[in-house]
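The structure appears right after this line, and notes come after that.
What follows is calculated from the coordinates using simple rules that are stated; it is not laboratory data. These numbers come from a predicted model, not from an experiment. Reconstructed Cβ throughout: ideal geometry from the backbone, glycine too, with neighbour counts over all protein chains shown.
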């Protein structure tokens, strides 16, 4: 498929690639050899030379890089070459002699037309073939020789197979693209469902561990004690930490922050890394640094902040003890 | 329920190979047909029994191969192709012994030579690349030798020209076959790579959405309950109890959806989950849902509706541009309907492109996996998109 969403046989078969140029050279050389080998069997060697040059040129044009379908001008030029060389070469051959490769042009033109069809001009390819066949029929009537007419069925077979192959390849390629997209879509739906279920389990377990007992206590409707109210304020702060600073959701730090809050320390944990992959080691380093500060505090305020990626440091810790503010860079 | 075509690894390789087998058998049939009269003409110059056996074999194998090409295992197709190569080579090697005249009178080539392309193509389909080219050379040389012998063994000129032309002619097609097979393999590799990237991205996206959904639940239910409880008075105690009960139900729903899909959760948990899911994706989407009371829904339905709604909103955010978006959810005794509407760019829903596979799989297919679930899509270019998710409760 190209970027317009259409299937390009030219791209699939690499018709314009280096391998194709090797085959093109082989095509030209073999037909040159055949033309030279039978040069004594034609009326005019000059006509043969001009014809071989024209057919070689058409073969070059049909393998030149271009969007598919091949541009109309080039395609018509190829059909014109087929018509002109057939017209010139048919009447250049002596009628009635045993069939030889002096009629090389019919096979050569058919192969050029086959490639024209592969490049998205099947209609013009068959128009070109019809012209070639019509000229040969006229030659047959004119000369009374069936030598060339007998060669046409094989050429029809070649072009027919080529045309059907191009159609089959386009349809199959389109279907393959759809199937691959469906496979990817099914796999991603399944993968997303799996990842979502795993994450849901993690989140449910975390929330249950952190908040269920408190919620059940609140739901039972019995009067609340002051200690309970205070513990819920601290729990709310812990839960809020887990939202604001998911990278610092580490049990040791959660406990240290809760203890500090119980001593009257105002703790704020922030994560500005926006989910950037802070490694496990980095997270442990940051947590250890914050815990160290928290354990020394009995009052005041601490703000621990995981920095965005690319800041040089991993995190900053601001401690305000009421008299001065100190800043510690981590990492 | 949407029926998905089963695919296996190597989809492109397999399909491209089948196309080539069809092309090869058509080549055999075409050249058999166009040379039929030629073969009949030459029957008088060769042993009749030999000719009959060879003609029957060489003309029937392409028919068999064509009939098998679209469905038979590739190993079977390869076996048939090898059989054709063997029969052809045997026919070429034994023709000189079966020929009844020293030289075919009209100077034409033995009719079996016209079937060279199919034999060479068969070789290209069953052998590795080097083997394909060697087999091409061997067959062309064998055919050249036959041409020489059938013509009385007096002149090398025509056999050499024949061999040159045949080799050039079949080389073009062998190159096409080998390039097509390679293209198939390449496309499978690229598809695997793309699928892996898509899978990883989809998993990360789903994980992020779950985190965001849980974060909203935490914020809206858990934190709100804890603060309200901590600051509550006697007058608000009943309300706080209600908050806590509701938060616990939401936690239960979250836990249940990750375990047992047949368990039942209150319908308001569904509405809350939809609200949280939509809110986690964008805060500009209007959400409306009458609060259902006393209704239970299976967790499988809750997940399907939530996942499909998430995909529909995500799809709208990706493709509908700057538009109004609205999600409405209604849960009743008989089922649930979730409608996701935008007035964005819209698209031709009859020609859903590969970029819209999200709709087909994450929405339609996702809903079809739930008993009583379905989804309908209505979109018009320039007039927005409307996706309706249905769940009909089965008999109790």
Can you give the percent of C-alpha pairs in chain A whose distance is more than 26 Å? 67
Give the residues of the stretch A:293-320 whose amide nitrogen is closer than 19 Å to a point set 7 Å from the Cα of residue A:279 in the direction of its Cβ. A:306-316
To the nearest 0.05, the calculated FRET efficiency linking residue A:36 and residue B:197 through their beta-carbon distance, R0 being 51 Å, is 0.35
Volume per residue of the C-alpha convex hull in the protein assembly as shown, rounded to whole Å³: 211
Using the alpha-carbon atoms, what tilt in degrees (0 to 90, nearest 10) does helix B:299-319 show relative to the longest principal axis of chain B? 70
How many partner chain Cβ atoms sit within 10 Å of a residue's Cβ in peptide B:173-182, on average, as a whole number? 5
As a check on your grasp of the helix formula, calculate [θ] at 222 nm for the protein assembly as shown: sum -39500 (n - 2.57) over DSSP H runs of n ≥ 4, divide by the residue count, round to the nearest 500. -21000 deg cm²/dmol
Hey, rough spin-label estimate for residue A:46 and residue A:227, points 7 angstrom out along Cα→Cβ, what's it come to in nanometres? 12.0
Evaluate the distance, in nm, between pseudo-label points positioned 7 Å from the Cα of residue A:53 and of residue B:233 along their respective Cα→Cβ axes. 10.8
I need the calculated FRET efficiency for the pair residue B:138 and residue B:38, taking r as the beta carbon distance and R₀ as 25 Å, to the nearest 0.05. 0.55
I want to make sure I understand the PRE zone here: with the label point 7 angstrom from the Cα of residue B:368 toward its beta carbon, which residues in the stretch B:304-323 have backbone N atoms less than 16 Å away? B:308
What residue among A:60, A:82, A:239 shows peak mean-square fluctuation when chain A is described by a Gaussian network model with Cα springs under 10 Å? A:239
Please check: in the Gaussian network model of chain A (C-alpha springs, under 10 Å), which one of A:165, A:224, A:27 has the largest mean-square fluctuation. A:224
Please state the Cα pair-distance histogram of chain B with 20 angstrom bins from zero: what percent is in each bin? 22, 31, 20, 19, 8, 1, 0
Comparing B:144, B:184, B:242, which has the greatest mean-square fluctuation in the GNM of chain B with Cα pairs linked when under 10 Å apart? B:242
Just for the Cα atoms in the stretch B:11-193, what are the lengths along the principal axes, largest first, rounded to whole Å? 62, 31, 22
Determine the shielding of peptide B:206-215 by partner chains: average, over its residues, the number of Cβ atoms on other chains within 10 angstrom of each Cβ. 6
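Kindly state, to the nearest 0.05, the FRET efficiency for residue A:329 paired with residue B:330, given R0 = 56 Å and r defined as their beta-carbon distance.
Plugging the Cβ-Cβ distance into 1/(1 + (r/R0)^6) gives 0.55.
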Rounded to two decimals, what ratio of Rg to Rh does the stretch B:4-79 give with C-alpha atoms and a Kirkwood Rh? 1.15
Give me the number: length gained by fully extending residue B:186 to residue B:103, i.e. 0.36 nm times residue separation minus the C-alpha to C-alpha distance, one decimal in nm. 24.9 nm
If you line up the long axis of helix B:237-258 against the longest principal axis of chain B, both from Cα atoms, how many degrees apart are they, to the nearest 10? 10
